[in-house]
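Student: Here it is, the structure in full.
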Amino acid sequence: TIERKWWKEAVVYQIYPRSFKDTDGDGVGDLKGIIQKLDYIKSLGIDVVWLNPIYSSPNADNGYDISDYQSIMKEFGTMEDFDTLLKGMHERGLKLVMDLVVNHSSDEHKWFQESRKSRDNPYRDYYHWWPAEKGKPAFRPGAFEVDGSGWRYDKQTDSYYLHYFSYKQPDLNWENPKLRQEIYSMMNWWLQKGIDGFRMDVIPFIAKDTTFPVITQADLDKNYQGRWDVFMASGPHLHDYLKEMNKEVLSKYDVMALAEGSGMTLKSAHDFVDADRKELDMGYHFEGTNLGYIPGYFTKMNPNWSLVDFKKIYSDWDAVYDQKGWGTIYLGNHDQPRMTSRWGNDAPEFRAVSSKMLTTFLLSMKGTPYYYNGDEIGMVNAKFNKIEDYRDIETIAEYEKVKIAGGDLKQFIEDQKTGGARDNGRTPFQWDSSKNGGFSTAEPWLKVNENYTVLNAAAQEKDPNSVLNYFRKMTKLRKSNPVLVYGKYTLLDKNNPNVYAYTRELEGKKVLVLLNFSAKNAVANTGINLKNAKVLINNYATVSKKATLRPYEALVLELK
Ligand code: TEU
């Protein structure tokens, strides 16, 4: 039997503050904007809000480059605003989870400013340095760099420093106990303010073999499934650090700790989340969202991914936590294209129905659902036509790579429309049909999707059959049916290329979920007689109870 926990029963709503609501007219969302929308947030029926980073940052990577962990980004507001926000959430029975970015800081953090000054600076060992007289350090990937290198030469001390992301994001040295204590005291400070947990950015990457040995493709193939992310998630002492963090911080509060599980595998998952390990509570894997990416490209995607593969990934990840541990489920976030464009169908006739179908999937699976803001109204990819419209460091670097290689830049822009450009999922929230979708009175930092005049929250509030109201029904259904939270998951009709069918079972209660992932009618061959079944929810206005599903139809049935 599974131990009950509030964070297992919760629906988490992710807010990308930069794009949520601007109240001071600078084109950038802010904390006051979130405060203004608290009643809306509460009305969704969610339990926990996870905020992307809101700390001081020069914003090379939209807040994932932190220059001060204990202050608020000036575009977002003040610490007073934060306190008001936290209070407003708690008054409404909502919990607040913060992003914790401690694999790296900003190069503008005072630790790094000191560290780079001299080789004997007291902060030198807060980061990873490689003296140039030892020659060039062994290759490590730097995700957002045009040359792909995770090392950057720094003239002041004739040394290279490590950065797994951009050069504006130097990696912190977790081997240094002083650094670890700084992080723990910062975490304690936030938790004492009353926040309810952390989502930990690339936490599997914090541990490094600081001899920095040469890693060959053969090593990667043999030991790390051929993948750099798996290598980076396998550093020495990783679990010692997480255990220490648990002891010094997490264990003192009733909070949740979520690992962004980059490089986490079916095999390593338990090491992070099993309760008896005393480390973290949940992780989110990348296998689902990696499906269809062309290997080696961040941004190119095969639109013809297979549903059979999709079902296998989610079924394998369900099975891994069958006896122990606890999983999560998500289909998009600030690093991914919009779920409706990617896994559903964003053509006008299918947009609403397919996004409701995906919501049904997320809220009827086992594992804590992480639901990305804007998906509740069915927002779709930005599909920008020119590179100048993009703001994301990753897309801009990928574009430069193609340019330098003499590749097809027009094709690159086309690929982004269906592909992985992160700005696809970062466009401003579409509140209403007024200028800039009601997000801001000023020109937004990133263009609003042109469809805001027809696709917006205000219009959907008035329509009982809207995507928004469907999401509310679905959160309610999950909250009132423990079988949808804790029930055993069984996949049916495994090889069906169009339909995802499964049951959930708990203490004599059995629910059947039928999801048509295609734009055609499709038959679910479950062998279950639907005659006496009771419809719990259906995403079409005219309810049916047939094994032949309409395009993108979702049907949740209670079996008698
Ligand atoms: O993302 C980590 C990560 O693995 C990314 O490389 C991601 O998979 C990729 O960008 C997808 O296109 C986290 C944050 O979620 C992301 O926003 C940050 O940019 C990154 O860490 C660095 O902090």
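Student: Skipping prolines and chain starts, which residues have an amide H placed within reach, meaning under 5 Å, of the one on H104, given they are 5 or more residues away or on another chain?
Tutor: Residues meeting the criterion, in which the H sits 1.01 Å from N, are L172.
Student: Show me, for the stretch 196-206, the HN-Hα J-couplings you get by feeding each phi into the Karplus relation (A = 6.51, B = -1.76, C = 1.60, θ = phi - 60°), rounded to Hz, glycine and proline as x.
Tutor: For the stretch 196-206, the Karplus curve yields 10, x, 9, 9, 9, 4, 5, 4, x, 8, 5 Hz.
Student: Let me ask something additional. Just how large is the dipole of the chain about the Cα centre, in debye to the nearest 20, putting +1 at every Lys and Arg Cβ and -1 at every Asp and Glu Cβ? Display every interim value, and only then the final one.
Tutor: On the way: 74 positive and 76 negative charges, 431 e Å.
Charge dipole of the chain: 2060 debye, to the nearest 20.
Student: Another question about this same structure. Mind listing the long-range amide H neighbours of W151? Cut-off is under 5 Å, sequence gap 5 or more, other chains count too, H placed in the peptide plane at 1.01 Å from N.
Tutor: Those lying under 5 Å, H to H, from W151 are R140, H163.
Student: Considering only DSSP beta bridges where both residues belong to the chain, give the percentage that are antiparallel (nearest 5).
Tutor: Values: 38 of 61 bridges.
So the antiparallel bridges in the chain amount to around 60 percent.
Student: Taking a spot 7 Å from the Cα of K5 along the direction of its beta carbon, which residues of the stretch 351-378 have an amide N less than 11 Å from it?
Tutor: Once the point is set 7 Å along Cα→Cβ of K5, 368 turn out to lie under 11 Å by backbone N, inside the stretch 351-378.
Student: Separate question: List the residues, sorted by chain then number, that are 5 or more residues from Q14 or on another chain and whose placed amide H is less than 5 Å from its amide H.
Tutor: Under 5 Å from the amide H of Q14 lie the amide H atoms of W50, Y371, Y372, N373, each far enough along the sequence or on another chain.
Student: Rounded to the nearest 10 degrees, what's the angle between the helix 238-248 long axis and the longest principal axis of the chain, both from Cα atoms, 0 to 90?
Tutor: 80 degrees
Student: In addition: Between V320, V448, M365, whose Cα lies farthest towards the positive end of the dipole of the chain when Lys and Arg beta carbons carry +1 and Asp and Glu beta carbons carry -1, centred on the Cα centre?
Tutor: The one lying farthest along the dipole's positive direction is M365.
Student: Follow-up. Exposed loop GluC sites (Glu not before Pro) only (DSSP loop, at most 12 other Cβ atoms within 10 Å): please give the longest stretch of the chain free of them, not including the sites.
Tutor: Details: sites that count: E3, E349, E507.
Between the exposed loop sites, the longest stretch runs 4-348.
Student: Check cross-link reach from K136 to the lysines: straight Cα distance under 19 Å, and skip same-chain residues fewer than eight apart.
Tutor: K155, K208
Student: Quote the FRET efficiency, to the nearest 0.05, computed for E461 versus D219 with a Förster distance R0 of 41 Å and r equal to the Cβ-Cβ distance. All intermediate terms of the calculation are to be shown ahead of the outcome.
Tutor: Details: r = 55 Å, r/R0 = 1.34.
Efficiency, rounded to the nearest 0.05: 0.15.
Student: Something else about it: Express in nm, to one decimal, how much length is gained between H90 and D26 on full extension, taking 0.36 nm for each residue of separation and deducting their alpha carbon distance.
Tutor: Numbers: separation 64, 0.36 × 64 = 23.04 nm, distance 2.81 nm.
Gain in length upon complete extension: 20.2 nm.
Student: Moving on. What percentages, rounded to whole numbers, describe P(r) for the stretch 251-337 computed over all alpha carbon pairs with 10 Å bin width beginning at zero?
Tutor: With 10 Å bins starting at 0, P(r) equals 15, 46, 29, 9, 1.
Student: Residue by residue, what Karplus-based ³J(HN,Hα) values in Hz, rounded to whole numbers, does the stretch 176-186 have, using 6.51, -1.76 and 1.60 with θ = phi - 60° and x for Gly and Pro?
Tutor: For the stretch 176-186, the Karplus-derived couplings read 7, x, 5, 4, 4, 5, 4, 5, 4, 5, 5 Hz, x marking Gly and Pro.
Student: Could you pull out the pairs from K366/K534; K117/K252; K74/K410; K8/K462; K247/K324; K193/K267 whose alpha carbons sit more than 30 Å apart here?
Tutor: K117/K252; K74/K410; K8/K462; K193/K267
Student: Taking every pair of alpha-carbon atoms in the stretch 355-510, what share in percent sits in each 5 Å bin, from 0 to the bin with the longest distance?
Tutor: Going out from 0 Å in 5 Å bins, the stretch 355-510 shows 2, 8, 14, 14, 14, 13, 12, 11, 7, 4, 1, 0, 0 percent.
Student: Dipole of the stretch 110-162, Cα-centred, from +1 at each Lys and Arg C-beta and -1 at each Asp and Glu C-beta, to the nearest 20 debye?
Tutor: Numbers: 10 positive and 8 negative charges, 11 e Å.
With Lys and Arg at +1 and Asp and Glu at -1, about 60 debye.
Since every read-out is calculated from the coordinates, none of them should be taken as a lab result. What you see is a predicted model; the values in this text were computed from it and never measured. We place every Cβ from the backbone using ideal geometry, glycine too, and count neighbours over all the protein chains shown.
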